[in-house]
Structures are given as structure tokens and as C-alpha cells.
Amino acid sequence: MTTDSPVFVVGAPRTGTTLVKEILNRHPRIHLFDEVHFFERLWDDRAHLGDLSAPISQAAAIHRVRDIVTRFGSDPGVAEVLTVEEYRRRLMAAGRQYRNLLRILLEEGARQKGAEIWGDSSPQDILYLKTILSWYPNARIVALVRDPRGFLSSYKNYYRRGVESYRERYNPIPISMLWRSYMTALLETEREPWAANVHRLRYESLVSDPEETVRALCAHVGVDFDPVMLDVDSSNSSFVPEGEPAKKRGIVASSQDRWKTELTPTELWMGERIFGEMRERLGYPPAVEDGQRLRPTVGGLARMALLLPGRVFNLLFRSHKPFTMAKFRRVMGLFRATR
């Protein structure tokens, strides 16, 4: 029997959302999908897919979900159970709405793992929290916060995991803008009546004091702390080449300050100007070099500007996540909201 209190792990990419998902999935009562991106892939395209009361729209949406699960999902076995016919039957019984289309998928994933708490870990869902909480009023949101310099460093180096497209999408300007937009979305939740449903989890606290941080996480989710939750594969995924085993198990803190050697003064200087007051509001000190203000190099700025158009194009159109104008407008609106 599944609960009515699902869990959604959100935040900017490369801020520890996968690590937190792995921690939660070590608990026997919890199972979260890994990056369904339902709201980007289906909800933002509902004008094209149509109202799920129509059979043709139901079929199109169900085929889309099944395709996502088999191509990108962490639980491909779910598609074997949720055939088109079975998915339609459950949707008709639950109510022909998008919120039930998602719930059926996530609940089945939990059932197959013998868990009762269902949910998803899709970082960009931080842009859709109002919709999530209107669909599932008892949902528990876990929102990751990370030093933006650490976020930049992780994004810059993720290509070492064999994800070469990250190298071709990285540029400090748009990536820093994304971080600020996502964090603006998080801080906007403080004014919402459901603010208590959102647990802000600081990445630096997680890696420096795992047990205390995970105990607080368990209290928010509504489960007892289990020590096995700390026995995850080592983090620092941006710096472990693909195919190599993790150096050890457990949560390690070596990733916290790696940005100090991985980012150039020019990248840090640009990031500081884009992060702006958002960095300060989240409690991260300014970056300095030898006690002095950071100074960019002319060559560094020129290279950044030269690569910018191509990197933005790749970021928008050459990733496995779809580009939608709805998401683009949402991100840019959040960015401008803090200027």
C-alpha cells in the first residue's frame, strides 16, 4: 500500500540531487525514480498532447511516458507491467488527469521495490513546485542547495564521466544564470502556504556531517533513520572517470572546495557577477584571490564570449532533455526577478 506523501528531490543539476536520491533509496520504505522529468517532457507539452479525457490523447501521453521510462528511466521494468492497456485501465480508474498519469508510474516503481513511499528525483522540477504541491498536497520536497562555485566546477568536469556533451554545453555565463534561476524558484517557496513541505538541504552539510543531515532528512520525509542510508557509492561523480569503480563507499567531503583549483579566476569573476545577491542570501562568502578581488584575464573573457553562442545552443537543443518555450520563459523570468 503506497502513501499519499510522495517525495520529490529537486535543485539545480550537479548539486547533489542524485546522491540524495541514492541515500533515500537505501531506505526500505522509499523508492524514487531517477530523473523522469515529467513536467518538461509531458506537462509543458500538454497543449499538443491534449486533454487526457480523450482516448487519442491518453494513448499519446501513455506512449510518451513508456518511451521515457525505457530510454532514460532508472526502472525500465516498470514498462513491462504498465503496458499501454494496463496503464490506460489504471488511468481510467484513478481519473484521467496528468497528476494521475505521473502517480501511476511512480507508484508502480515503488511497488516493484516493495516500498510504500514513491517519488522522483528530477532536479529541474524545482521550477514546478507549485504544480507538484497542488497535485499532491502532502508531498515532501527535498531541495538541494550548493555553493554556486562548486556547482560550476562539477558541471565543468562532468564530461570525465563519459558525458562528453557536458563539455560542449559548459560556459560560466548561462550555467551561472541557471543556478540563480533555480535558487530564486526555491526562495520563492518561502512565501507559499506550503513552505513547510519544502526541506532545504545544504550539500556542504550533507558531505561534512552526513548522519545529522540525513537524520533531519528522514524526519522531514517521515521515516526512521537507518544507518544503511549512509552506505552509498562514493560521491564526487564528476571526478571519477566512467567505468572506474568508486574509490570507496560512503559520503565524502573532498568535493566541497575543489572549485578553488578547478575554476579559473575569469570563471569565478564572471560567476560572482551573475550569482549576485543570491549567493549572499544562501550564505556563501565571496570568492577572493590572495586576499584581493578577483581579476579576469582578457584572453579568458574573449574565449568565453567566443564560445558562448555555440554552448548556449548545445545547452538548449543538444541534451536528452527537451527544449520548451514554457521552461525557457520560466527560467528567464526567475533570473530577472532577482536583478
>> Which of the helices (runs of 4 or more DSSP H) found entirely inside the range 14-115 contain at least 1 residues meeting this: modelled with pLDDT of 95 or more and closer than 28 Å to Phe225 by Cβ?
In response: 17-25, 98-112
> Which members of the range 179-208 meet the condition of being touching a strand residue (DSSP E or B) at 6+ places or on another chain (Cβ under 8 Å) and within 30 Å of Gly250 (Cα to Cα)?
Replying inline: Met183, Leu186, Asn197, Val198, His199, Arg200, Leu201, Arg202, Tyr203
> Taking the range 244-302 on its own, how many of its residues are within 22 Å of the chain's Cα centre (by Cα), among the hydroxyl-bearing types (Ser, Thr, Tyr) and modelled with pLDDT of 90 or more?
Replying inline: 1
>> If I ask for residues that are at pLDDT 95 or above and in contact with a His (Cβ under 7 Å, 6 or more places away or on another chain), which ones from the range 123-142 would you list?
In response: Arg140, Ile141, Val142
> Quick one: Ala93 ticks every box in (1) over 30 Å from Ala253 (Cα atoms); (2) among the small types (Gly, Ala, Ser); (3) in contact with an Asp or Glu (Cβ under 7 Å, 6 or more places away or on another chain) bar one, so which box is it?
Replying inline: (3)
> When the residues of the range 128-157 are filtered to those that are surrounded by fewer than 22 Cβ atoms within 10 Å (Cβ to Cβ) and polar (S, T, N, Q), which remaining residue is nearest to Asp4 (Cα to Cα)?
Replying inline: Asn138
> Of the residues that sit in the range 116-146 and are part of a strand (DSSP E or B) and of a type in the set (A, V, I, L, M), which one is farthest from Asp34 (Cα to Cα)?
Replying inline: Val145
>> Condition first: small (Gly, Ala, Ser), surrounded by 12 or more Cβ atoms within 10 Å (Cβ to Cβ) and assigned to a loop (DSSP other than H, G, I, E, B). Can you find one or more residues in the range 290-310 that meet it?
In response: no
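The values are calculated or read from the model by the stated rules, or taken from the named source; none is laboratory data. All values derive from a computational prediction rather than experimental measurement. Every residue, glycine among them, receives a Cβ derived from its backbone with ideal geometry; neighbour counts consider all protein chains shown.
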